[in-house]
Every structure is written in structure tokens, then in C-alpha cells.
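The structure appears right after this line, and notes come after that.
The values are calculated or read from the model by the stated rules, or taken from the named source; none is laboratory data. Quantities reported herein were computed from a predicted structural model and do not represent experimental measurements. We place every Cβ from the backbone using ideal geometry, glycine too, and count neighbours over all the protein chains shown. Accessible surface areas use protein heavy atoms only, side chains included; no ligands, DNA or RNA. Shrake-Rupley method; radii C 1.70, N 1.55, O 1.52, S 1.80 Å.
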Amino acid sequence: MTQATDKLIIGGREFSSRLMVGTGKYASFEQTARALEMSGAEIITVAVRRVNLDRSKESLLDYIDLKKYTLLPNTAGCYTADDAVRTCRLAREAGMSDFVKLEVLGDEKTLFPDNEELLKAAKILVAEGFTVLPYCSDDVIVCKKLEDLGCAAVMPLGAPIGSGLGIRNPYNIRIILENVSVPVIVDAGVGSASDAAIAMELGCAGVLMNTAIACAQDPIAMAEAMKLAVIAGRLSFKAGRIPRKLYANASSPLDGLIG
Amino acid sequence: MQIVMNGDPIEIVAGSSIESLLKQLDISRERVAVELNADIVPKAGYEKQLLSDGDKIEIVHFVGGG
């Protein structure tokens, strides 16, 4: 197995990179563009917001080569299925693509998903032909329900959005991986490159992050670190790690020792 | 005449279509989506769709997000 042939397929589309990145919280659009480039990501998330009439002439999309990236519009800030569905319909009209990152939040403090509203929205969106990638709890039952509804992937959180706490419950992620067939992408919670590698070593199909890169002291360097971590984690998973043992096992031959 | 755009009342030329409103506001049609009284207006309908006094219109676009 080599990295070159190990493609990620979502909604019938093939991607070489397993790192997906957000475009929020950067210091400037130039910085966003450079970080995206360095991350190697092919799928990037965007938010849908009202056009501001007092805006400057520049917008994020002036800095992004749409031939290089697949836009994944999100429903960030939506707390009901109705608002999320409405946002997705607008996103499809604005972006001419069916891909959506569906998030329906339950609470401003935790930004945890409202799974009931999430399932309701997912059902409507799948019926309308969207390729739905839902941000969800790290709960296998919810993930299975999302898969059964026809979502193209499931995106359980590693930890709260923007928290940088890492993969807080790797066992839950493992249970999800063993019980759903669609790609499992850890979305939210990654803080450092090792967190991303852990997600990939668990067997996840990809990792989605924003804050860990955008709010790092050097976002461009962190984007590269994340790119390498996702590649390394994936290769490590595919290569198959050694079993953990309590005691030592010498790496050098025991025969031929002097004396 | 007056319409409500993105939550704020604005004065526009009577008889404006969505196409002409976007031009008046200097907004590129390619990168936005428009909702008129809670229904999405497909891009192909921007020229045909005329606005009436009191209409509620939402014009959205993509911004940075996670």
C-alpha cells in the first residue's frame, strides 16, 4: 500500500488528501490561502452568511482557487433542523454543489450536536439529493442512524469544537469504526499534530479541523504539521502496528555476543 | 419603494428585479444565493423576478468557517 493509491471516496468523489480544513479564524485571507495550500487539503469548509453591504470588496473566495478545492459549506450556528436545511439549500444555490457539512447545535456553551434535530435535517437533505456529511456526537447509535438515513460519511467529534482537547474517547471512535461502513471523519477537538495522527491510527478515513491550524502561533507551519500527521497516521494504521507487550524484546541478536 | 434586505429596510428603485437589485448593490451574482420571502430564487430567475414593496429578501454568500 502506498499513499498515492490510497484514495478517500465520499459521495462518489475521490480525494487524495484525508485532511479537511476550515477557513475561519485566520488573521487574513492571505494567511488562509497559504495555510490551505500548505495543508494539502482538497476539501475546505465555509460558512453561509448574509452579504454585508458595508463590506470591503474582497471576499474569501477571491483568495481561493475553486478548481483546486471542493467547498464544503457548513450549517454552523444553526440550532434547529429547519434553519440547517434552509442554510443548506442556500449553500447549494450559492456554490452549485451538493456537499454540505451538516451541524445542528444543541447548546452555545458546548456546541455539542442536537442529535434529534440533526437526524431530522439529515433525512430531509438526503431526500433532496444533498451529499450530507454530519458533525455528530461520538455515539455509534447516532452514527448508525445517520448512515441508515443515507449520509455520505459520519463526522463524530473528538472533543468540543475549538477546544483542542484531542480525541477524548478513542474507544467510542473505535466502536463507530467497527459498526458503520461510510467514511468516519473526526471533526472537531484536534489540538496538535499528534491528535490528528491518533485519529488516523484508529482507522478514521479523515480528520477535519479549523482552530488547531488557524489559531496556532504559526498557522502555516501547523498546516504542514497536520498534513504530515494525517499522512503518517494513515500509513501507520495501514502498516499495522505491533502488539503492546509489557516486557522487553531485544532488537539485536542474542547470538554472537563477545566474551 | 422599500424592501427588507438581510433584516434591514432599504429603499430601491420601483420595478427592480433581483438582477437589477444586485447591480444596484454591486454584488456579483455568481457567488451569492437569494431568498425572496423565504423561497430560494434560482439564478436563472434573477432577471424575471420583480420585487414588490415590503418584500423580504436574503442575500447570502460564503465566508470563512469551520
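A:Cys143 versus (1) within 30 Å of A:Ser192 (Cβ to Cβ); (2) within 14 Å of chain B (Cβ to nearest Cβ): which is the lone unmet condition?
(2)
Which of (1) in contact with a strand residue (DSSP E or B) (Cβ under 9 Å, 6 or more places away or on another chain); (2) modelled with pLDDT of 95 or more; (3) open to solvent by less than 60 Å² (accessible area, probe 1.4 Å); (4) outside any strand (DSSP E or B) does A:Thr110 not meet, given it meets every other one?
Going through (1) in contact with a strand residue (DSSP E or B) (Cβ under 9 Å, 6 or more places away or on another chain); (2) modelled with pLDDT of 95 or more; (3) open to solvent by less than 60 Å² (accessible area, probe 1.4 Å); (4) outside any strand (DSSP E or B) one by one, A:Thr110 breaks only (1).
Mind counting the residues in the stretch A:78-93 that are in a loop (DSSP other than H, G, I, E, B) and either at the interface with another protein chain (Cβ under 8 Å from one of its Cβ atoms) or open to solvent by 50 Å² or more (accessible area, probe 1.4 Å) (or both)?
2
What are the residues in the stretch B:20-41 that are farther than 20 Å from A:Val46 by Cα and either in contact with a helix residue (DSSP H, G or I) (Cβ under 7 Å, 6 or more places away or on another chain) or buried (at least 16 other Cβ atoms within 10 Å of the Cβ) (or both), if any? Reasoning before the result, please.
Within the stretch B:20-41, the subset farther than 20 Å from A:Val46 by Cα is B:20-26, B:36-39, B:41.
Those that are farther than 20 Å from A:Val46 by Cα and either in contact with a helix residue (DSSP H, G or I) (Cβ under 7 Å, 6 or more places away or on another chain) or buried (at least 16 other Cβ atoms within 10 Å of the Cβ) (or both): B:Ser20, B:Leu21, B:Leu22, B:Leu36, B:Val41.
With the structure loaded, tell me whether A:Gly129 is closer than 23 Å to A:Gly22 by Cα, out of contact with any Phe, Trp or Tyr (no Cβ under 6 Å at 6 or more places or on another chain) and part of a loop (DSSP other than H, G, I, E, B) or whether it fails that test.
No.
What is the one condition in (1) closer than 30 Å to A:Ser192 by Cβ; (2) open to solvent by 20 Å² or more (accessible area, probe 1.4 Å); (3) away from every other protein chain (no Cβ under 14 Å); (4) touching a helix residue (DSSP H, G or I) at 6+ places or on another chain (Cβ under 6 Å) that A:Cys136 does not satisfy?
A:Cys136 satisfies all of (1) closer than 30 Å to A:Ser192 by Cβ; (2) open to solvent by 20 Å² or more (accessible area, probe 1.4 Å); (3) away from every other protein chain (no Cβ under 14 Å); (4) touching a helix residue (DSSP H, G or I) at 6+ places or on another chain (Cβ under 6 Å) except (2).
Residue check: is A:Val190 buried (at least 21 other Cβ atoms within 10 Å of the Cβ), out of contact with any Lys or Arg (no Cβ under 7 Å at 6 or more places or on another chain) and over 29 Å from A:Ala27 (Cβ atoms)?
no
Mind checking which residues of the stretch A:198-217 are buried (at least 24 other Cβ atoms within 10 Å of the Cβ), among the aliphatic types (A, V, I, L, M) and away from chain B (no Cβ under 14 Å)?
Those that are buried (at least 24 other Cβ atoms within 10 Å of the Cβ), among the aliphatic types (A, V, I, L, M) and away from chain B (no Cβ under 14 Å): A:Ala199, A:Met200.
Could you tell me which of the residues B:Lys43, B:Lys56 is at pLDDT 95 or above and of a type in the set (D, E, K, R)?
Working: B:Lys43 fails: at pLDDT 95 or above.
Sole residue among the options that is at pLDDT 95 or above and of a type in the set (D, E, K, R): B:Lys56.
Can you give me the number of residues within the stretch B:5-15 that are in contact with a Lys or Arg (Cβ under 9 Å, 6 or more places away or on another chain) and either surrounded by fewer than 11 Cβ atoms within 10 Å (Cβ to Cβ) or over 22 Å from A:Cys88 (Cα atoms) (or both)?
Taking the stretch B:5-15 as the starting set, the residues that turn out to be in contact with a Lys or Arg (Cβ under 9 Å, 6 or more places away or on another chain) are B:5-7.
Remaining after also requiring either surrounded by fewer than 11 Cβ atoms within 10 Å (Cβ to Cβ) or over 22 Å from A:Cys88 (Cα atoms) (or both): B:7.
Residues in the stretch B:5-15 being in contact with a Lys or Arg (Cβ under 9 Å, 6 or more places away or on another chain) and either surrounded by fewer than 11 Cβ atoms within 10 Å (Cβ to Cβ) or over 22 Å from A:Cys88 (Cα atoms) (or both): 1 in total.
Which members of the stretch A:35-66 meet the condition of being part of a strand (DSSP E or B) and either more than 10 Å from chain B (Cβ to nearest Cβ) or among the aliphatic types (A, V, I, L, M) (or both)?
Listed by number, the residues that qualify are A:Ile43, A:Ile44, A:Val46, A:Ala47, A:Val48.
For the stretch A:17-32, give me each residue that is within 11 Å of another protein chain (Cβ to nearest Cβ), in contact with a Leu (Cβ under 9 Å, 6 or more places away or on another chain) and surrounded by fewer than 24 Cβ atoms within 10 Å (Cβ to Cβ).
A:Phe29 - this is the single residue of the stretch A:17-32 that is within 11 Å of another protein chain (Cβ to nearest Cβ), in contact with a Leu (Cβ under 9 Å, 6 or more places away or on another chain) and surrounded by fewer than 24 Cβ atoms within 10 Å (Cβ to Cβ).
Test each condition in (1) surrounded by fewer than 24 Cβ atoms within 10 Å (Cβ to Cβ); (2) more than 15 Å from A:Ala41 (Cα to Cα); (3) of a type in the set (A, V, I, L, M, F, W, C) for A:Ile167 and report the one that comes out false.
Of the numbered conditions (1) surrounded by fewer than 24 Cβ atoms within 10 Å (Cβ to Cβ); (2) more than 15 Å from A:Ala41 (Cα to Cα); (3) of a type in the set (A, V, I, L, M, F, W, C), the odd one out for A:Ile167 is (1).
Which residue, of A:Ile43, A:Ile64, is of a type in the set (Val, Ile, Thr), under 29 Å from A:Ala127 (Cα atoms) and open to solvent by less than 40 Å² (accessible area, probe 1.4 Å)?
Result of the check over A:Ile43, A:Ile64: A:Ile43.
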